[in-house]
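Below is one structure, written out as structure tokens, with a few remarks after it.
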Amino acid sequence: METTFRLSGGGGGDGGDYGDDDELELGLGLSLTSAAYAPSSNGALSQVVGWPPVKTYRMNSLVNQAKFSKNEEEKGVGGNDGSKKKKKNSNKNDEKMVKETGHSGFVKVNMDGLPIGRKVDLNAHDCYETLAQALEIMFLKASSSIRREKQQHSRLLDGSSEFVLTYEDKEGDWMLVGDVPWRMFLGTVKRLRIMKTSDANGLAPRYQEKNQKPKSKQLELRR
Amino acid sequence: MDPDLTKPWALPEEFLKRTFALINSDKDRNSASLVCKDWYNAERFSRRHVSIRNCYSVSPEIVAARFPGIRSVTLKGKPRFSDFNLVPEDWGADVQSWLSVFAAAYPFLEELRLKRMAVSDESLEYLAMNFHGFKALSLLSCDGFSTIGLEAIVTHCKNLTELDLQENGIDDLGGDWLSYVPENLTSLEVLNFAALDSEVSFDALESLVSRCKSLRVLKVNRKISLDQLRRLIELAPKLTELGTGSFAEDLVSSSVTELESAFSKCRDLHTLSGFWDVTLLYLPVIFPVCGNLTFLNLSYATLGAIELECILTRCKSLRRLWVLDTVGDEGLEMVGSCCPLLEELRVFPADPFNQELGVTESGFLSVSNGCPNLHYVLYFCQRMTNAAVATVAQNCPNFTHFRLCIMSPGEPDYLTNEPMDEAFGAIVKTCPNLRRLSVSGRLTDLAFEYIGNHAKNLETFSVAFAGTSDLGMEYVMRGCPKLRRVEIRDCPFGDNALLSGLAQYESMRSLWMSACNVTTDGCKKLADEMPRLNVEVIKDDGGEDGSADKVYIYRTVAGPRTDAPPFVVTL
């Protein structure tokens, strides 16, 4: 997308809040804030917090709808043009479906404090680092991420953030992300959750004690 | 108080009391209260309903002191952009501090309508236990409570007439909250639990519907099947508003004819919603009531043009229509040709992050051609042209609410590649009654100049990813005298723009600016000049020092917030 607007163009000298350095770094002449909208391979809208302005309740509802359309199709309901059209829609949605088998592909990501869940394509990553960075861009302030471009490690993985990245495995246990080899992780992950570090204290990295399982589930509910 | 002989025009108190008791409009009451002290007092003693559109503009103590006889309260909290996750958790707007004061001041409170407030289960329980005649609870876009709070409400509110839950962030813990409604409660008139995900006890629901003979509004959730819906409708043929459950499961215990017949007995039905998972197979069951419908909400139904046509050809009286963009431009053509009386249209995106074509300028044009009475539009689209919007304005000069959302930020006219300035220029020039405007697409300061010059009745203004300089915001702040609520995000407006609105802010409800070029210095300047405003900066973790990433400014008689979390700083 071409962008030609500049910060406080003719508006006056005090438009220097964002210095030239920042403009160069971003390369597009966008303000730091509008760089929250950063075009990516699939067309980009998913990067911006709260845009397009659709109420979170409605967004959640739509996520559930898409899931259902898939089931509809499998049941083979309807047989005329109208429902065929709908099947077409759900075919497209299929690609973005929540995969429940634990194979690599799209998994749902939730973050404590946000009612909207998002989806991330695990296939697009080959290591924990890029996944965590992508999630940081998606869920945490994009401007912060841009500053962290230069950093080696995602804060979600090294414990320095107030959030940690966790996942639910095939057995239904919640584990900290990062300890098993990537391929093994892909084979077992069902969904992800960005949890508050304080809530994640009950999770052990390599194993999940069975008697701790109900506690972490309760933590989820009490959010 | 005897009429003072030196003031021959003073009216007897009794006369004033009775006259004021008849005045329902808040606006009229507000005006009347300014006439003289007698009228002020007559007004305040006789007022039964108060609407507080910003919970921080006044304190509950001040409200209770001025209006001793309140029975019904409407209270709104968070800035509207909290709907889109722009306001951090725990920002505030907790209803409890209001309830605590009301428990003492208004023990006979009957109605509470909350929008964007933080409501805990404890607060719901507190409400249920402390207001013995409580009748009507409406929660819209609130969060912080669970089904446990609902249990408390239905258990203790013996005179419940209304329970209306819309689009809330409810922690749905399941459970059987509906079963807690006492067997002898027969007063319910409105029940809306469409937004809850979990199953409710159908037996309890059926019994409730059966014994509440005054039930007029029933909106069930997705867990209610068609069979169950049929049974409910048969018990309540006098419904005026119905929200269906899911159409997904096939009818088992009855036939399509029986369901259709149940609908046909609902002669008073004028509003329909729900329709989750509906297909052509079952749509015909609503045909008998289509002719009377004035409001049809299909915004959770992924329908195509053909299904939509099926319904709309029978909905000649339709005034308000909400749909998903799955109906496409063809579906909107149907709207234009079938619904000549249409006044309001909302088209929501089915998959906001997918850039597949939903609806375009063509659909918009079709609707405007067929519906000259259109005055409220909310339209989400991937692309638009200036020419199309100009034609729409010509076709529908009565717009009061024009909310156009071109979903790619900063998107130009896709045919000419020009900014969308002329589109919004056309709207404000042609529609003198415009009160609400949401703009989108690539916009230069020119668009704002048009708005400032022409939109003299504008009250609510929302803008994102637009404008070229401070001038943009200045045009609007200086040109539109009736502004009440302004929300701006991701625009290049700085301190000068912020300060240009100085003359307006005390007559406005609020201003929100986020991700713009405003600094804390600029905000401080504003705060110093205008002591009766709260100038709040929401601190952002990753933000630069000195820049004010999120600013919320509003008039208040209550002073700075006493409950502000650490990340909200009042300057």
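Tabulated data for the structure shown
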{"read-out": "Square roots of five times the Cα gyration tensor eigenvalues for region B:162-205, Å", "value": "18, 14, 8"}
{"read-out": "Chain B - convex hull of the alpha-carbon atoms, volume per residue in Å³", "value": "168 Å³"}
{"read-out": "Residue-by-residue Karplus 3J(HN,Hα) for region B:44-51, coefficients 6.51, -1.76, 1.60, Hz, glycine and proline x", "value": "6, 6, 8, 6, 10, 10, 10, 10"}
{"read-out": "In Hz, Karplus ³J(HN,Hα) per residue of region B:441-454 (6.51, -1.76, 1.60; θ = phi - 60°; x = Gly, Pro)", "value": "x, 6, 9, 9, 4, 4, 4, 5, 4, 4, 5, x, 7, 10"}
{"read-out": "All Cα pairs of region B:54-123, percent lying beyond 16 Å", "value": "48 percent"}
{"read-out": "Cleavage-rule hits (chymotrypsin sites (Phe, Trp or Tyr not before Pro)) in region B:15-116: DSSP loop, at most 13 neighbouring Cβ within 10 angstrom", "value": "B:Phe108"}
{"read-out": "Length-normalised contact order for region B:410-449 - Cα pairs under 8 Å, 6+ apart - percent", "value": "55 percent"}
{"read-out": "For region B:143-157, Karplus couplings with θ = phi - 60° (6.51, -1.76, 1.60), whole Hz, Gly/Pro x", "value": "8, x, 10, 10, 5, 5, x, 5, 4, 4, 4, 6, 6, 9, 8"}
{"read-out": "Kirkwood-Stokes translational diffusion coefficient of region B:32-161, alpha-carbon pairs, 10 °C, 1.306 mPa s, µm²/s", "value": "104 µm²/s"}
{"read-out": "Span per principal axis, largest first, for the Cα atoms of region B:291-422 (Å)", "value": "43, 32, 20"}
{"read-out": "DSSP-loop chymotrypsin sites (Phe, Trp or Tyr not before Pro) across region B:334-398, with at most 13 other Cβ within 10 angstrom", "value": "none"}
{"read-out": "Where the Cα pairs of region B:428-571 fall when distances are cut into 5 Å bins, in %", "value": "2, 11, 21, 24, 20, 13, 7, 3, 1, 0"}
{"read-out": "Number of partner chain Cβ atoms within 10 Å, mean per residue of B:441-450", "value": "1"}
{"read-out": "Rg/Rh for region B:511-571, where both radii come from Cα atoms and Rh is the Kirkwood radius", "value": "0.94"}
{"read-out": "Normalised contact order of region B:408-548, rounded percent, pairs of Cα under 8 Å and 6 or more residues apart", "value": "17 percent"}
{"read-out": "Loop chymotrypsin sites (Phe, Trp or Tyr not before Pro), region B:222-293 (other Cβ atoms within 10 Å of the site Cβ: 16 or fewer; DSSP)", "value": "none"}
{"read-out": "Shielding of B:374-386 by partner chains, average beta-carbon count, 10 Å", "value": "0"}
{"read-out": "Within 10 Å of each Cβ in B:346-354, the average number of Cβ atoms from other chains", "value": "6"}
{"read-out": "Computed [θ] at 222 nm, helices only, for chain B once each DSSP H run of length n ≥ 4 contributes -39500 (n - 2.57)", "value": "-9000 deg cm²/dmol"}
{"read-out": "Contact order normalised by residue count of chain B, Cα under 8 Å, 6+ apart, percent", "value": "6 percent"}
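No lab work stands behind these numbers, since they all come straight from the coordinates. Bear in mind that the values here come from a model prediction, so they are computed numbers and not experimental data. Cβ sites come from the backbone with ideal geometry, for glycine too, and all protein chains shown count toward neighbours.
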